[in-house]
1. Can you tell me which of B:THR35, B:THR91, B:THR116 moves the most in a GNM of chain B? Springs connect C-alpha atoms under 10 Å apart.
2. Calculate the mean, over all residues of peptide A:28-39, of how many other protein chain Cβ atoms lie within 10 angstrom of the residue's Cβ.
3. Could I have the simple spin-label model distance between B:SER74 and B:GLU113, label points 7 Å from Cα toward Cβ, reported in nm to one decimal?
4. Using the 10 angstrom Cβ neighbour count as an exposure proxy, how do B:PHE114, B:PHE90, A:PHE134, B:PHE9 rank, fewest first?
5. If the elastic network links every pair of Cα atoms under 10 Å, which of B:ILE75, B:ILE156, B:ILE89 fluctuates the most in the Gaussian network model of chain B?
6. Can you tell me which of B:GLY14, B:GLY64, B:GLY123 moves the most in a GNM of chain B? Springs connect C-alpha atoms under 10 Å apart.
7. Run the helix sum for chain B: -39,500 (n - 2.57) per DSSP H stretch of 4+ residues, divided by residue count, reported at 222 nm to the nearest 500 deg cm²/dmol.
8. State, as an integer percentage, the relative contact order of chain B based on alpha-carbon contacts under 8 Å between residues 6 or more apart.
Amino acid sequence: MTPSALNLNGESIGQVDIRPPLSVAPGASVREVLRLLKEHRRGSVLVCRQGRLVGILTERDILRLLAGGHDLDVAVEREMVPDPLTVGPSDTVGAAVERMAENGYRRLPLVDSDNRPIGEVDVEGIVHLLVQHFPQAVYNLPPLASPPTREREGP
Amino acid sequence: MITCPDCGFENIDGADECEKCSQPLSPLSKPRPATRLERCVMKDRIEALVPREPFVVSGAAPVGEVLRQMVARSIGSAVIVENRQVVGIFTERDALCRLNEDAAALADRPVSEFMTAPVETVGMTDRVAFALHKMDLGGYRHLPVLGAEGRIVGVISVRDILNHLLAAL
């Protein structure tokens, strides 16, 4: 069971657990989105017009709406982040991670060349990939102890 | 083959002790990091991530006020502390799942009614791998970091770990 070397820039995005897309129409109310997210236990919804991605509404946006006591019956179109950053099926895991890190995002919609959502890549999926790649490091964590010598001492 | 570090006898793989001199060999099977990334996960401790200052509230704080503070500070979690001990955590996910569309009506209720408790925590000297495992297993994105006597000293998020690993690549 030798751990394979993880090369994030070589791994295709398909190596990460992709969540199925959860989408709504631009005219749906924020209230409907909240119910949908709770029901599916998800943190974001993709807003699509005729099947094409036009925006995203995430937990962070929702936190702001809830804290500010905003009207929840407005269309999601007015509160969403328009034209979100995405990844494509041919992108690598490294590219997705970099895009997340640079912009402070925890999730990226995965879209095809027509901008139709295929799924969503999130930071939990990346962590799971890391954990799976380092089973020895993560699951067999040694206790704190001074290691014995590996080589024979003396001449 | 495992070569006994004491007598040099060649033992079969997986032997617990040297067949010749009975010296314990099991510590030699300790996993060793193969790549830089793996080394980073196995060797680095939580303190290397420089945990962020926690946003600490008492359990009686009104949840509406906690929400406003989280937005104002641009953070995803509040740590609930009673008698200097961490009793729970309130995150964006709790806001979404437990307050949802009723947030305005529930704003004056204490945050302790909506927090996640008990909460998984890590220590400053735990390995990054330990935190990674807890996060993956529980699906958590935030872990409070405890110092001496169980006092809260910081919070780490899954993004802190990811950024740390990226920096090591």
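Coordinate-derived values only; no laboratory data. From a predicted model like this one, the values you see are computed outputs, not experimental measurements. Heads up, the Cβs are rebuilt from the backbone with ideal geometry, glycines too, and the neighbour counts pull from every protein chain shown.
1. Its mean-square fluctuation being the largest, the pick is B:THR35.
2. Neighbouring Cβ atoms belonging to other protein chains average 2 per residue here.
3. Between B:SER74 and B:GLU113, the label points sit 3.2 nm apart.
4. So the ranking, lowest neighbour count to highest, is B:PHE9, B:PHE114, A:PHE134, B:PHE90.
5. Result for chain B, Cα springs under 10 Å: B:ILE75 fluctuates most.
6. B:GLY14
7. About -7500 deg cm²/dmol.
8. 23
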